[in-house]
Amino acid sequence: MTNVKSIVINMITLGILIFAIMSFTIITQSDNNIDDDFRLTNNTLINDTYGDLETSLDKQTDAQKSLNSTEKSPPSEYIGDLDVSAIISGTRTARSIITGLWNVYIKLPMVILGVNPVVASAISTILLIILVIGIWAIWKGAIT
Amino acid sequence: MVTYPDLSSLSNDSSIAGLLQVPSANYVYFWVWILAGIWTIIVSTIYFSERSKIGTGKILSAMAVASMVIIMLSVIGSILGIITVDIMVRILVLSCVIIGIWWISVK
């Protein structure tokens, strides 16, 4: 059976590796002052993904970045909604890293390959259900 | 009398970057095919040399190494203006997928 701890560690290191590759590309392009038409950040999905990852991993270093992070947190839309998460916390960092990895691994290839949105939604739903079942199985001890 | 166009009529840039941009002016995938060929050559070289030395070759690690090389070449290509953003995103995504599969399968 697979070792859950090694899988989690592998995914985290893989996420850092992917972030390093994207950083190398974006920083090299910006250092060489190329035209805006050829910049990788022109793609909105990569711009949002990289921007969220970079902000989450580098925030709290100065007041301006903390302000940027606070401004990105939208207010609650529902009256009476109980918001138990802090505006700036480790949970937000982990959540943005997970959503960033989701964008890079699943959403971006689907967009690039031109998958039908209905098919993409179905695949995403199946993946999330399998993930929930897997977490339940780990909790019950069926998978170690 | 026939007048032949010089480089200035084909590209605004008369440097090496302008020379490299000439093939991709009408067909943007020209340098993409070159990169695909370089990727195939690197994968074949690594795989078959490993197989001749050790006896077994690992195709996935060869593909991952070649993908890293292609990422660097595509970054240089985007700086020179011969690879557009759309193509760069596709190369980056496919290379990251291959590197990710290799990373997960090795550990």
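Observations on the model:
- Taking other C-beta atoms within 10 angstrom as a stand-in for reagent exposure, A:25, B:84 fall in the order B:84, A:25, fewest first.
- The angle between the Cα long axis of helix B:85-106 and the main principal axis of chain B comes to about 10°, on a 0 to 90 degree scale.
- Only Lys, Arg, Asp and Glu carry charge here, each on its Cβ (+1 for the first two, -1 for the last two); on that basis chain B has a dipole of about 600 debye about its Cα centre.
- In Hz, Karplus ³J(HN,Hα) per residue of the stretch A:12-27 (6.51, -1.76, 1.60; θ = phi - 60°; x = Gly, Pro): 5, 5, 5, x, 5, 5, 5, 4, 5, 5, 5, 4, 4, 5, 5, 5
- With q set to 0.12, 0.13, 0.16 Å⁻¹, the log10 of I(q)/I(0) for chain B, from the Debye formula over equal scatterers at the Cα positions, is -0.52, -0.59, -0.77.
- Between the Cα long axis of helix B:59-80 and the first principal axis of chain B there is an angle of about 20°, rounded to the nearest 10.
- Taking B:30, B:48 and counting other C-beta atoms within 10 Å, the order from fewest to most: B:48, B:30
- Residue B:76-residue A:142 pseudo-label distance in nm [points 7 Å out on the Cα-to-Cβ vector]: 5.2
- Sorting B:19, A:113, B:73 from the fewest to the most surrounding beta carbons within 10 angstrom yields A:113, B:19, B:73.
- For residue B:88, neighbours were defined as the other residues whose beta-carbon sits under 14 Å from its Cβ, and their charges (Lys and Arg +1, Asp and Glu -1) total -2.
Every number in this text was worked out from the coordinates using simple rules, so none of it is lab data. Because the structure is a prediction, the values reported are computed rather than measured. Glycine gets a Cβ as well: all are built from the backbone with ideal geometry, and neighbour counts include every protein chain shown.
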